[in-house]
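Enquirer: Quick one: the structure is below, and I'll ask about it shortly.
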Amino acid sequence: MISFETTFLDYPNPDDLALVVIMSGCSHNCLGCQNPQLQKLHEEWTYDQEQSIILEIQQRCLRNETNKIVLSGGDPLNPCNRNLTIHICDLLGNNPEYKYDICIYTGYDIEEVKEMGLDGFTFIKCGKFDAHTMRESKKTDEYIQFVNETQNLFDKDYNQISKNGRYYFTK
């Protein structure tokens, strides 16, 4: 299952609207999961379905006048979504013709993500959700704060660019 939303809150940038692509399927079983209904729905995507989803992303970005995409879920790096996520990053993030900026929200640890050999993204937020250490997720003109201090943002070269779950925007 794939669904789409638009947001000013989820992309690590102070001003831009982003398209959020919500993918079902997750096996992290985080304590107090915010989207438990998305855990159980696993779907393998055919090449034609992937192409259709990518076309839908492009059309929605065009309608919303944005090049910012957030891949969320569930987990876009769950094995059932990983090929689709790689395909999106390759076609839209790595292709200079399109120039999309992609942010991936995953529950995997950054070391696990590095082993996946993923590229074509601008940002990746890594770390499991934990209801015991939950705090307000928010975005101000100065920073974006994730729901847990253990969730941190990394750049395209896998360098950590946030601290304690908070990323300060550079202007």
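Here, each number is a calculation from the coordinates, and none is a lab measurement. All figures in this text were calculated on a predicted structure; none of them were measured in a lab. Here Cβ is always computed from backbone atoms with ideal geometry, including for glycine, and neighbour counts include all displayed protein chains.
Enquirer: Report the extension gain between GLU44 and GLU111 in nm, rounded to one decimal, defined as 0.36 nm multiplied by the number of residues separating them, less their alpha carbon distance.
Expert: Numbers: separation 67, 0.36 × 67 = 24.12 nm, distance 2.46 nm.
Stretched fully, the GLU44-GLU111 segment lengthens by 21.7 nm.
Enquirer: Rank-order 51-57, 83-89, 70-76 by packing density, defined as the average count of other C-beta atoms within 10 Å over each peptide's residues, highest first. Write out the running numbers ahead of the final one.
Expert: Details: 51-57: 15.3, 83-89: 20.7, 70-76: 26.3.
Listed from highest to lowest mean packing, they are 70-76, 83-89, 51-57.
Enquirer: Still on this structure: Compute the distance in nm between two label points, each set 7 Å from the Cα along the Cα-to-Cβ direction, one at THR7 and one at ASP119.
Expert: Taking the simple label geometry, THR7 and ASP119 are separated by 2.8 nm.
Enquirer: Whole number please: convex hull volume per residue, Cα atoms of the range 67-161, in Å³. Intermediate results must be reported in sequence, preceding the final value.
Expert: Working: hull volume 9.8 nm³, N = 95.
Each residue corresponds to 103 Å³ of Cα convex hull volume.
Enquirer: Counting alpha carbon pairs within less than 8 Å and at least 6 residues apart, what relative contact order, in whole percent, applies to the range 1-73? Intermediate results must be reported in sequence, preceding the final value.
Expert: Details: 101 pairs, mean separation 30.0, N = 73.
It rounds to 41 percent for the range 1-73.
Enquirer: Further question: Taking 0.36 nm per residue of separation and subtracting the Cα-Cα distance, what length does fully extending ASN159 through ASP141 add?
Expert: Details: separation 18, 0.36 × 18 = 6.48 nm, distance 2.27 nm.
Answer, rounded to one decimal: 4.2 nm.
Enquirer: Kirkwood Rh, the chain, all Cα pairs: how many Å?
Expert: On the way: mean 1/r = 0.0625 Å⁻¹.
Hydrodynamic radius (Kirkwood, Cα only) of the chain equals 16.0 Å.
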